[in-house]
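Taken together, the values in this text are just the output of simple stated rules run on the coordinates, not laboratory data. All values reported here derive from a predicted model rather than from experimental measurement. Ideal geometry is used to build each Cβ from the backbone, glycine not excepted, and the neighbour counts take in all protein chains shown.
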Amino acid sequence: MTLVHTQVLNPNGGRDGDPIAGLYTCDNCKWPNVGLGGNVTRNLPAATVHSAADISVWYPERASGRDFPDVPAHIASAADEAYRCRSFNALRAAVLMSRSVIESTCKEKEIVKGNLATKIDNLAEQGHIRAIIQAAAHEIRFLGNDMAHGDFIDDVILVGSLCRSPVSV
């Protein structure tokens, strides 16, 4: 990111500790971004005390997906959406989309009988997924069931790269 302009956010401004916004351009894509963070320090220009390292919030937030070239397009699209939800920290949406991807994968493999737990186990038994993916799919199923039924009592948190309810940690 290259800093283009800075602005003290306090309209009375520029007192020590006031937050600063920075207008940046991405060095790669050249699109504008706004970074919020940093603090005014007396007798120093804002550009001196404001750098990308000081940023606590970026706008727009980063949306990064993932390509799945060996997966049917309708499933790959939903899996990419799950990744994008995760990149925005929309964890409940990411879990729900991931659960839907699992269900869709089962249908694609003509595993349509039983509940999702049985379908996941059948995917593994038929050699479509490894045991570690089976276990992860069950974790997504557990939390996805809560999300699908409106059970939002506990926050969703990240443990490694998996989303979990604090109760199941």
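Overview of results
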| item | result |
| --- | --- |
| Where only C-alpha atoms are counted, convex hull volume of segment 73-168 per residue in Å³ | 96 |
| Taking Cys26, Cys85 and counting other C-beta atoms within 10 Å, the order from fewest to most | Cys26, Cys85 |
| Qualifying GluC sites (Glu not before Pro) for segment 74-161 [loop in DSSP, other Cβ within 10 Å: at most 16] | Glu110 |
| Nitroxide proxy distance, nm - points 7 Å out along Cα→Cβ at Ser77 and His149 | 3.1 |
| Cβ-based exposure ranking for Leu143, Leu3, Leu9, Leu123, in which fewest neighbours within 10 Å come first | Leu9, Leu3, Leu123, Leu143 |
| Spin-label model distance (nm) - Gln7 vs Lys107, 7 Å beyond Cα toward Cβ | 4.7 |
| Gln134 paired with Lys30, simple spin-label distance in nm, labels 7 Å along Cα-to-beta-carbon | 5.2 |
| Exposure proxy order (Cβ contacts within 10 Å, fewest to most) of Ile75, Ile153 | Ile153, Ile75 |
